[in-house]
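These notes concern the structure reproduced below.
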Amino acid sequence: MKIKWLSNFILAGIIRFLLMNSEYQKIISDRVEVSTALNSWKRVTEGVYLYNFGIDPYTGDLFHETPIGLYVFNFIQQHLPQSILFCLFVFTDLLTALFLGLTAKQYATELVFKKKEKEKLCNEKTESHNNASIVYTSIMYVSAGYLFNPYIILNCVGHTTTVFTNLLYSIALISMTKSSIFWSCLSISLLTLQGFYPISLIVPAIIYIARSDSIKQKRNILNFIIVFISILFGLFYICYYIMGNWSFIWNTFGFILTVPDLRPNIGLYWYFFTEVFEHFRWLFIASFQINVSLLYIVPLALRLRHDPMLLAFSYLAVIAIFKSYPCIGDVGFYMSLLPLWKHLFQYTQQGFIVGCFMLFCTIFAPTVWYQWIYSRSANANFYFGVTLAFAIAQIFLVTDILFASVKHEFAVRHGINKDVNGSNTKLLLE
């Protein structure tokens, strides 16, 4: 197992490094599906340049990283040559895959434990090597799903700061499964400071913390909330200390919430707010932001309270689909978690449709972009049609996984036999 796992990491690193040193790197980094106003490395470079010349990078509409990010990226660009910078992006991606593999191991172990408890109640027995196989396949598939995901590879080769965001996401997930209060709070606080929407991850984190010790449940939840708020306010103070003012808030949170930059991306905001009447703008901004940040938190938490990892996956998917400035790196991250629910695949029904949609949109988006921008034989409606289809495909994917979870719970609770004439069948609920 270790040899196969290590070979995957080496191969993935070589692929990334070769693409970074090829002529395609600049083309990929300029793609609107890869780089946005929030994660573009070119904008980071310009912001660091302004900061070093004593100019506030948050003046105007150029730089949207946090002051902590500005300080870190300034240190990186001053002390790392270009070749080492390439290695930093590759190493960060590989480290993210490692943390996701460890998360998969922890989650698969939980599933095996639940399976054993059920078998004890039913007086059934299964061979131990089957349980070991479940853990092994989860680790291999999740890590490989991240390492060789085309969206993730393009995101890394394009030098986007989403690479570092995905690392924080992976730390948050492994910290949840380990019930680590400090690391969960720190990672989610950094993510919230950078992108606002990930604050919803405190819900599955609290569920994990509460499950870790039933005796000290209330105390653990209270400790988590206090630590999270303390770290978040501490990070805000550090940002203020670095910049000397609060101007960064408008160009980070304000930029995300008000959506002033309408350059095309794979999201839904840019086209809609280009067409909407100005006096309706704030109404629809409120509607869109409530949809992504508040609308699904409570219903999903109530339904998926017994499976906080699936809840976290659902939040990540909702954020990637409906956030203001999404990129394919966001999509690739939550898609790499799909092997965690390999046991649900037999209950899914939309796999072929979603796969075709994803493949079609991935290939067709650059084609339509070229027709719109360069050959002028198309217009914005064509490109928005592709991004809309891409969002619909993701919605189908998430709803299919969630409904498969419902079917699985139903089958487990009622002990439904899915074998007909010696072959495995699908369970359809109508």
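The values are calculated or read from the model by the stated rules, or taken from the named source; none is laboratory data. Fair warning: this is a prediction, and the values are worked out from it, not measured in the lab. All Cβ positions, glycine included, derive from the backbone under ideal geometry; neighbour counts span all protein chains shown. All accessible areas refer to the heavy atoms of the entire protein, side chains included, with ligands and DNA or RNA removed. Shrake-Rupley method; radii C 1.70, N 1.55, O 1.52, S 1.80 Å.
When you go through (1) of a type outside the set (Lys, Arg); (2) without any contact (Cβ under 8 Å) to a residue 60 or more places away in the chain; (3) open to solvent by 50 Å² or more (accessible area, probe 1.4 Å) one by one for Leu62, which number turns out not to apply?
Going through the list (1) of a type outside the set (Lys, Arg); (2) without any contact (Cβ under 8 Å) to a residue 60 or more places away in the chain; (3) open to solvent by 50 Å² or more (accessible area, probe 1.4 Å), Leu62 breaks only (3).
Specify which of the listed residues (Thr348, Thr387) is of a type in the set (Ser, Thr, Tyr), in contact (Cβ under 8 Å) with a residue 24 or more places away in the chain and within 16 Å of Val34 (Cβ to Cβ).
On the way: Thr348 fails: within 16 Å of Val34 (Cβ to Cβ).
When all the criteria are applied, what remains is Thr387.
In the list Ile207, Ile199, Ile152, Ile134, which residue meets the criterion of being under 16 Å from Ala312 (Cβ atoms) and either open to solvent by 50 Å² or more (accessible area, probe 1.4 Å) or modelled with pLDDT of 95 or more (or both)? Reasoning before the result, please.
Details: Ile207 fails: either open to solvent by 50 Å² or more (accessible area, probe 1.4 Å) or modelled with pLDDT of 95 or more (or both); Ile152 fails: under 16 Å from Ala312 (Cβ atoms); Ile134 fails: under 16 Å from Ala312 (Cβ atoms).
From the options Ile207, Ile199, Ile152, Ile134, the qualifying one is Ile199.
Which residues, counting only those in region 95-130, are assigned to a helix (DSSP H, G or I), at pLDDT below 80 and open to solvent by 40 Å² or more (accessible area, probe 1.4 Å)?
Taking region 95-130 as the starting set, the residues that turn out to be assigned to a helix (DSSP H, G or I) are 95-122, 128-130.
Keeping just the survivors that are at pLDDT below 80 gives 113-122, 128-130.
Answer for region 95-130, where residues must be assigned to a helix (DSSP H, G or I), at pLDDT below 80 and open to solvent by 40 Å² or more (accessible area, probe 1.4 Å): Phe113, Lys114, Lys115, Lys116, Glu117, Lys118, Lys120, Leu121, Cys122, Ser128, His129, Asn130.
Which is of a type in the set (A, V, I, L, M) and open to solvent by 30 Å² or more (accessible area, probe 1.4 Å), of Ile256, Ile238?
Ile238
Is it the case that Phe333 is touching a helix residue (DSSP H, G or I) at 6+ places or on another chain (Cβ under 6 Å), in a helix (DSSP H, G or I), open to solvent by less than 30 Å² (accessible area, probe 1.4 Å) and not basic (Lys, Arg)?
yes
State whether one or more residues within region 27-47 are in contact with a helix residue (DSSP H, G or I) (Cβ under 6 Å, 6 or more places away or on another chain), among the charged types (D, E, K, R) and farther than 25 Å from Thr252 by Cβ.
no
Which numbered condition in (1) under 19 Å from the mean Cα position of the chain (by Cα); (2) open to solvent by 70 Å² or more (accessible area, probe 1.4 Å); (3) without any contact (Cβ under 8 Å) to a residue 24 or more places away in the chain is the only one that Phe396 fails?
(3)
Table: residues versus (1) modelled with pLDDT under 90; (2) surrounded by 15 or more Cβ atoms within 10 Å (Cβ to Cβ); (3) part of a helix (DSSP H, G or I).
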| residue | (1), (2), (3) |
| --- | --- |
| Cys356 | no, no, yes |
| Phe364 | no, yes, yes |
| Val368 | no, yes, yes |
| Gln371 | no, yes, yes |
| Arg376 | yes, no, no |
| Asn381 | no, no, yes |
| Ala391 | no, yes, yes |
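Name the residue that is modelled with the highest pLDDT, counting only residues in region 177-191 that are in contact with a Ser or Thr (Cβ under 6 Å, 6 or more places away or on another chain) and under 13 Å from Ile207 (Cα atoms).
Ser184
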